[in-house]
Amino acid sequence: TSMFLIIAHIPVADSFGLSEEIRKRTSGLATLNLEFSHFETIDIDPYWEPKTEEELLLYGYKADFENQARKYMNNVRKRKGLFVKEKLVEHSEKQRNLTIK
């Protein structure tokens with residue numbers, strides 16, 4: 001048969017909208033069955049930023065790695081319509097308006 005069974009563990013925060021996305025990308029041929037398996041705490045502080053000299057040397061001023069706890073927290077806040085502190089434009093160029101002659 002052409003039937004596949006895939007078993008995977010994904011975070012609950014990433015499962016919102018997954019069923020619709022799978023149906024859309026497979027034109028309705030695939031179905032999704034989610035079942036709660038277990039929970040696990042994230043041992044990362046979502047408000048952590050590098051402050052000591054050693055941390056600044058290791059991670060840089062912007063801490064270029066992605067803080068998973070902050071990512072999950074911001075996704076939940078966006079979904080609920082709460083305020084999320086983030087930069088909308090990180091790298092941009094100044095727009096030049098041409099005067100009409």
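Each label was represented as a point 7 Å from its Cα along the Cα-to-Cβ direction; for N74 and L34 these points are 2.2 nm apart. Bridgeable aspartates and glutamates around K78 (alpha carbons under 18 Å apart, same-chain partners fewer than 8 residues away excluded): D14, E66, E86. Take segment 1-79 with all the other protein chains still there, run a 1.4 Å probe, and you get 93 Å² of accessible area per residue.
Using alpha carbons only, the radius of gyration of segment 1-75 set against its Kirkwood radius gives Rg/Rh = 1.16.
The values are calculated or read from the model by the stated rules, or taken from the named source; none is laboratory data. These numbers were taken from a predicted model, which means no experiment stands behind them. All Cβ positions, glycine included, derive from the backbone under ideal geometry; neighbour counts span all protein chains shown. In case anyone asks, the SASA skips ligands and DNA or RNA and just uses the protein heavy atoms, side chains included. Shrake-Rupley method; radii C 1.70, N 1.55, O 1.52, S 1.80 Å.
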